[in-house]
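Here the structure comes first, spelled out in structure tokens, and everything after it is commentary.
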2 protein chains.
Amino acid sequence: MNIAIAGLGLIGGSFAKAIASKTRHRAIGYDRDPEVMRRAYDAGLLDEVGVERFTDADVSLIALYPGASVRFMRENIDAFKRGSIVIDLCGVKRRVTDDVTELFKPRGVTYIGGHPMAGRELSGFAASIPTLFEGASMILTPGADIDPDTLKTAENLFLALGFAKITLTTPDHHDKMIAFTSQLAHIVSSAYAQNPVVGEFDGFAAGSFADMTRVAKLNEHMWTELFLLNADYLSAQLDVLIGSLARFREYITQGKETELRELLRRGREIKESLNENYKPPAV
Amino acid sequence: MNIAIAGLGLIGGSFAKAIASKTRHRAIGYDRDPEVMRRAYDAGLLDEVGVERFTDADVSLIALYPGASVRFMRENIDAFKRGSIVIDLCGVKRRVTDDVTELFKPRGVTYIGGHPMAGRELSGFAASIPTLFEGASMILTPGADIDPDTLKTAENLFLALGFAKITLTTPDHHDKMIAFTSQLAHIVSSAYAQNPVVGEFDGFAAGSFADMTRVAKLNEHMWTELFLLNADYLSAQLDVLIGSLARFREYITQGKETELRELLRRGREIKESLNENYKPPAV
């Protein structure tokens, strides 16, 4: 197949590297930064460059921030081949899906919302790695009327690139879950790091502090956009966590030993019950 | 030297294993569970067992929960040799130091509060490993009147066991910092896991979720004790974090894009500014 990638940052770059190292597909790449496009081409990751070449693509992967993703698809709507599949990879799915689905339909192009459950606390092409998706879940939010063969083509592509599984869901359920599993984690991490005593952490920290603050090293431009496009679910999640922390605070200040132990026990049992297989790639 | 260890759980067991694998010191061990004591002895980690043998020790390490640690030192006060050093390793230092310092003084025994900045989300002798302390910081909270040679003996012992550095501080500053770097992280992790949608996480999670919930798998008996003995500093830390999360919530629900981006930028810059060297041991 011919696979086009718009945006050669951490995600798009890692897709280009995974395609080159794990498949025999041809890759077409575009980045608004010509220097990045050249570097990817010179590294042998791309067979062709430029949006005008997307017309050859059987599958187009849009690896841009949400707003840029919608703009790119709108502005280049005629660049996508009839019968091809377009998958955007940004981290919110309701808004993007609502904005573009009807654009593609009359053109015979299948749009699928996607979200690779993989990342690093770094961004840009330089941070991209071919193993980023190994063992990870690829979320797809296809329309209910999707052609089964078309969906299978997309699923097989992601499995060939290293993903361990495909998670099919709706844009709404995606956004609800991602508010909890990813967006809230990034906010907690950022909030945690912004503490009056953080500068004195050295010598007083072990693994839990490193874990808690790892993703505070985020790209504030992308995450601001993602958070605001998922404000309803995300603020509900913040309410849940703040409420839970307030309960801990109450038990601790009031010396409610039994209740505190019970609350900690419940957290431990929940964590132990989770069937966690995914391990981030060692770099 | 002869080194006694009271409590052969994750920390005490790891000290026994580190002493056996990295030094030529003799080890004396005690655990309230005779079966654990036998296993450590049979594994060749201990030269002698039983509290009554602590009288031979030049350094005694007390690796028990805070309350049990104080009780052990009180009840066995005559078991510690004149001129020897006793170091308790539990995770709060004000209360323990206040309770035992004056007990030891008239007996010519030097008490030092200690806290190894290392751990695993597991507990008990079976989870102990000889490399637990590698690269970690060993916190010591000696009295202002400590003999410099005695302190040097203790410092050298910990450096020989794999610690990368010694952090000298007061019990008060220890408890203040640990409320932030460790205790708060364990509460956030437990609170994070206790979410109505957590059961549906599978397929929607990547590294940030795993990191955020790792230490929810804690020992609720030990941590309840630690939290309640540090309630003042810990509740202050919970207030800071809840306040910070509430600000994020405000910016997100009110669509304050500039303020949100600025807040995230600050978190990123803080995280990037931290000089983090410690990596938990790969097991």
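From the list A:Ile11, A:Ile87, A:Ile19, the lone residue that is assigned by TED's automatic domain parsing to the domain that holds A:Gly162, outside any helix (DSSP H, G or I) and surrounded by 16 or more Cβ atoms within 10 Å (Cβ to Cβ) is A:Ile87.
Here A:His173 meets the list (1) surrounded by fewer than 24 Cβ atoms within 10 Å (Cβ to Cβ); (2) at the interface with another protein chain (Cβ under 7 Å from one of its Cβ atoms) almost entirely, failing just condition (2).
Looking across B:Leu226, B:Leu184, one residue alone is touching a Pro at 6+ places or on another chain (Cβ under 7 Å), more than 7 Å from chain A (Cβ to nearest Cβ) and modelled with pLDDT of 95 or more. It is B:Leu226. Within segment A:105-129, residues that are under 19 Å from A:Ala18 (Cα atoms) and free of Cβ contacts under 8 Å to residues at least 60 places away in the same chain have Cβ atoms under 9 Å from residues that are aromatic (Phe, Trp, Tyr) and not in a loop (DSSP other than H, G, I, E, B) in these pairs: A:Gly114/A:Phe158, counting only partners at least 6 apart in sequence or on another chain. A:Gly44 passes every criterion in (1) within 21 Å of the chain's Cα centre (by Cα); (2) not in a helix (DSSP H, G or I) apart from (1). Residues in segment B:157-207 that are of a type in the set (A, V, I, L, M), farther than 30 Å from B:Arg24 by Cβ and touching a Phe, Trp or Tyr at 6+ places or on another chain (Cβ under 8 Å): B:Met177, B:Ile178, B:Ala179, B:Leu184, B:Ala185, B:Ile187, B:Val188, B:Ala191, B:Val197, B:Val198, B:Ala205, B:Ala206.
For every residue, the table says whether it meets (1) assigned by TED's automatic domain parsing to the domain that holds B:Pro142; (2) free of Cβ contacts under 8 Å to residues at least 12 places away in the same chain; (3) crowded, with 18+ Cβ neighbours inside 10 Å; (4) under 21 Å from A:Ala185 (Cα atoms).
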residue: B:Ala191; (1), (2), (3), (4): no, yes, yes, yes
residue: B:Asn195; (1), (2), (3), (4): no, yes, yes, yes
residue: B:Asp239; (1), (2), (3), (4): no, yes, no, yes
residue: B:Ala246; (1), (2), (3), (4): no, yes, no, yes
residue: B:Arg249; (1), (2), (3), (4): no, yes, yes, yes
residue: B:Leu263; (1), (2), (3), (4): no, no, yes, yes
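The set of residues in segment B:22-38 being more than 20 Å from B:Asn156 (Cβ to Cβ) and crowded, with 17+ Cβ neighbours inside 10 Å consists of B:Gly29, B:Tyr30, B:Asp31, B:Val36, B:Met37. Against the list (1) in contact with a strand residue (DSSP E or B) (Cβ under 9 Å, 6 or more places away or on another chain); (2) surrounded by 20 or more Cβ atoms within 10 Å (Cβ to Cβ), the condition A:Ile187 fails is (1).
Do we find that B:Gly267 is facing chain A (nearest Cβ under 7 Å) and not in a loop (DSSP other than H, G, I, E, B) in this structure? Judged against the criteria, B:Gly267 is a match.
Residues in segment B:75-124 that are among the charged types (D, E, K, R), farther than 18 Å from B:Gly7 by Cβ and out of contact with any Asp or Glu (no Cβ under 6 Å at 6 or more places or on another chain): B:Asp78, B:Lys81, B:Arg82, B:Asp98, B:Glu102, B:Lys105, B:Arg107, B:Glu121.
Would you mind stating whether A:Leu218 is part of a helix (DSSP H, G or I) and either surrounded by 23 or more Cβ atoms within 10 Å (Cβ to Cβ) or without any contact (Cβ under 8 Å) to a residue 24 or more places away in the chain (or both)? In short, no. Among the candidates A:Ser235, A:Ser190, A:Ser208, the residue that is at the interface with another protein chain (Cβ under 7 Å from one of its Cβ atoms), more than 29 Å from B:Ser137 (Cβ to Cβ), in a helix (DSSP H, G or I) and hydroxyl-bearing (Ser, Thr, Tyr) is uniquely A:Ser235. Of the residues making up segment B:141-162, those that are in contact (Cβ under 8 Å) with a residue 12 or more places away in the chain, surrounded by fewer than 23 Cβ atoms within 10 Å (Cβ to Cβ) and in a loop (DSSP other than H, G, I, E, B) number 4. Do the conditions hold for B:Arg261, that is, is it in a helix (DSSP H, G or I), under 27 Å from A:Leu122 (Cα atoms) and facing another protein chain (nearest Cβ under 7 Å)? Yes, satisfied.
The values are calculated or read from the model by the stated rules, or taken from the named source; none is laboratory data. These figures come from a predicted structure and were not determined experimentally. Positions of Cβ are backbone-derived with ideal geometry, glycine not excepted, and every protein chain shown enters the neighbour counts.
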